[in-house]
Amino acid sequence: QVQLVESGGGLVQPGGSLRLSCAASGSRSINAMGWYRQAPGEQRERVAVITSGGTTNYADSVKGRFTISRDNAKRTVYLQMNSLKPEDTAVYYCNAGVLNEGTRWGQGTQVTVSS
C-alpha cells in the first residue's frame, strides 16, 4: 500500500513562510494529490489540490498566499505557504488518490502561526 509521509511543519511568526512536503511510497500510480487542514474544534477543510497533469485549485482563504506543486518523479507534493496568518494554524494532512487503493492520507503535520 502507498503510504504518505508529511514533513515541514512547525512554529512560525505571522507573515512568515513554511514549506510542507509529502512523499508517497510504493509504485502505484497516483492521481490527484492535495493538502487539507484541521484546526481544533473545526472540520477538516481542503486547502489545495493538484492533478497529475498539474491543474491546481485553492481554497479562497489561501489564494495568492499558498502554492501547491508536485514532482511526479519523486512522488512528492509540496505546499509553499507564504504570508502566514494565525488562522492558518492547524494540522495539515496530505491526501492522494491512488490507483486501485482509493484515497490515502498522511499522518498530519502541525503548523502553528503565532508571535
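Could you tell me the calculated FRET efficiency between Thr112 and Gln80, based on Cβ-Cβ distance and R0 = 22 angstrom, to the nearest 0.05?
Rounded to the nearest 0.05, the efficiency is 0.80.
Carbon and sulfur: what percent of region 1-74's accessible surface (1.4 Å probe)?
Within region 1-74, the accessible surface is 43 percent carbon and sulfur.
Is any residue of region 52-87 close enough, with backbone N under 18 Å, to a label point placed 7 angstrom from the Cα of Ser7 along the Cα-Cβ axis, and if so, which?
In region 52-87, the label zone of Ser7 (backbone N under 18 Å from the point 7 Å along Cα→Cβ) covers 69-81.
As an exercise, use a Förster radius of 22 Å and the Cβ-Cβ distance of Ser61 and Thr103 to find the FRET efficiency, rounded to the nearest 0.05.
Efficiency, from the Cβ-Cβ distance: 0.45.
Determine the per residue accessible area of the chain with all protein chains present and a 1.4 angstrom probe, expressed in square angstrom.
Here the residues of the chain average 52 Å² of exposed surface.
The values are calculated or read from the model by the stated rules, or taken from the named source; none is laboratory data. These numbers were taken from a predicted model, which means no experiment stands behind them. We place every Cβ from the backbone using ideal geometry, glycine too, and count neighbours over all the protein chains shown. We work out accessible area using only protein heavy atoms, side chains counted, and drop any ligands, DNA or RNA first. Shrake-Rupley method; radii C 1.70, N 1.55, O 1.52, S 1.80 Å.
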